[in-house]
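Below is one structure, written out as structure tokens; the observations come after it.
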Amino acid sequence: MSECDLLERISAARKNKNVVILAHNYQLGEVQDAADFVGDSLELSRKAAETTAGTIVFCGVHFMAETAKILSPNKTVLLPDLEAGCPMADMITLQQLREFKERYPGRPVVAYVNTSAAIKSEVDICCTSANALKVVESLDADEILFVPDKCLAEYVASKTNKKIIPYPGFCPTHMRILPEHVLRQKELHPGALVLAHPECRRAVWELADAVCSTSGMIRYAKESSAKEFIVVTEADILHRLTRENPEKKFYHVGDMAVCPNMKKITLEKLAWSLEDGQYPIELPESIMNSARAAIERMIAIA
């Protein structure tokens, strides 16, 4: 079925339905174009909670749809492919979190939003890649446990006097990016600024002119007077960067930085989700309430 036919199916399926379609910055370009809102995971969940839509279709990965459900418990939240998971989120289980806390008793725990609802329900506060430093600085403690991303933890540690004790998780997509990949692009485009995500390893983000979340990259590129950028994160953010800044040039770090889970949702699966109401996210109320508290503590200070 052609893209045009699929877009017609999507349009027909959402007619007379009180629905909002969200797409993460790493989704396929055609999926981004079909969405009502494109952004990072928490930004999208907060936006959806503010709308009057009764149904949220989240084109992203599982923890993102869970976060949308946590912030909109009375709304139906659909994830077009239940196999769209996050390897980093899967690197920490409840048992592993509890063992980590037992190893370092009395320390507050910060959880990156790239975690399951269950993990969020047993930590003190959540953070995003954009506000992690602010969250850490807000805590009345000199030592802080940080889960699950060791790279983001190391980036935060480089900016604070507090001791960050990291859990050894990571994003496989960002970890595949090596310093030589960035240096090669700098050779090819010597005048370009380097924008890197803090989920990258330290040797990579130390080469960057700016270390940013996905939304931070969008904002930086828009506000900067520079005309060329090397983008060191997942590939499909270039779709939005190029669309919103047609007068500027963006060079991706390379084919190694493609997240297969972010590509699981297609226009066809989006159409099926709208037509058949698949697949709804369900969470125990107790988990949602505890996880929401950790998210709201973050929102209150960041």
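Looking at Asp149, Asp124, which is the one that is of a type in the set (D, E, K, R) and surrounded by fewer than 23 Cβ atoms within 10 Å (Cβ to Cβ)?
Going through Asp149, Asp124 in turn, just one is of a type in the set (D, E, K, R) and surrounded by fewer than 23 Cβ atoms within 10 Å (Cβ to Cβ): Asp124.
Select from segment 200-227 the residues that are closer than 21 Å to Met88 by Cβ and either in contact (Cβ under 8 Å) with a residue 40 or more places away in the chain or under 15 Å from the mean Cα position of the chain (by Cα) (or both) and list them in ascending order.
Cys200, Arg201, Arg202, Trp205, Val211, Cys212, Ser213, Thr214, Ser215, Gly216, Met217
Could you list all residues from segment 107-147 that are more than 27 Å from Pro284 (Cα to Cα) and among the acidic types (Asp, Glu)?
Hits for segment 107-147 are Glu137, Asp140, Asp142, Glu143.
Restricting to segment 84-98, and then to whatever is in contact with a strand residue (DSSP E or B) (Cβ under 7 Å, 6 or more places away or on another chain) and outside any loop (DSSP other than H, G, I, E, B), can you tell me which residue is farthest from Lys264 (Cα to Cα)? Can you show your working first?
Just the residues of segment 84-98 that are in contact with a strand residue (DSSP E or B) (Cβ under 7 Å, 6 or more places away or on another chain), to begin with: 88, 91-92, 97.
Remaining after also requiring outside any loop (DSSP other than H, G, I, E, B): 88, 97.
Values: Met88: 16, Leu97: 28 Å.
Among them, the one singled out is Leu97.
Being touching a strand residue (DSSP E or B) at 6+ places or on another chain (Cβ under 9 Å) and under 26 Å from Ser11 (Cβ atoms) is the filter; apply it to segment 242-267 and report the residue that is surrounded by the most Cβ atoms within 10 Å (Cβ to Cβ).
Only one residue fits best here, namely Ile265.
Determine whether segment 268-276 contains at least one residue that is in a helix (DSSP H, G or I), surrounded by 15 or more Cβ atoms within 10 Å (Cβ to Cβ) and of a type in the set (Phe, Trp, Tyr).
yes
Which one is surrounded by the most Cβ atoms within 10 Å (Cβ to Cβ) among residues in segment 15-47 that are farther than 17 Å from Tyr279 by Cβ and charged (D, E, K, R)?
Across segment 15-47, the extreme among qualifying residues is Asp40.
Is one or more of the residues making up segment 250-270 acidic (Asp, Glu), under 25 Å from Val113 (Cα atoms) and modelled with pLDDT of 95 or more?
Checked segment 250-270: no residue is acidic (Asp, Glu), under 25 Å from Val113 (Cα atoms) and modelled with pLDDT of 95 or more.
Name the residues in segment 48-74 that are charged (D, E, K, R) and either in contact with an Asp or Glu (Cβ under 7 Å, 6 or more places away or on another chain) or surrounded by fewer than 19 Cβ atoms within 10 Å (Cβ to Cβ) (or both), would you? Even if it seems obvious, please write down each step before you answer.
Here is the first cut: in segment 48-74, the residues charged (D, E, K, R) are 50, 66, 69.
Scanning segment 48-74 gives a single hit, Glu50.
Identify, please: which residue in segment 228-239 is surrounded by fewer than 23 Cβ atoms within 10 Å (Cβ to Cβ) and within 13 Å of Leu195 (Cβ to Cβ) and is, among those, nearest to the chain's Cα centre (by Cα)?
Here the residue is Leu238.
Is there any pair linking a residue in segment 274-302 that is within 17 Å of Tyr112 (Cβ to Cβ) to one that is of a type in the set (A, V, I, L, M) and assigned to a loop (DSSP other than H, G, I, E, B), with Cβ under 6 Å and at least six apart or on different chains, and which?
Qualifying pairs under 6 Å: Ala294/Val123.
The values are calculated or read from the model by the stated rules, or taken from the named source; none is laboratory data. All values derive from a computational prediction rather than experimental measurement. Note that each Cβ is placed from the backbone with ideal geometry, even for glycine, and that neighbours are counted across all protein chains shown.
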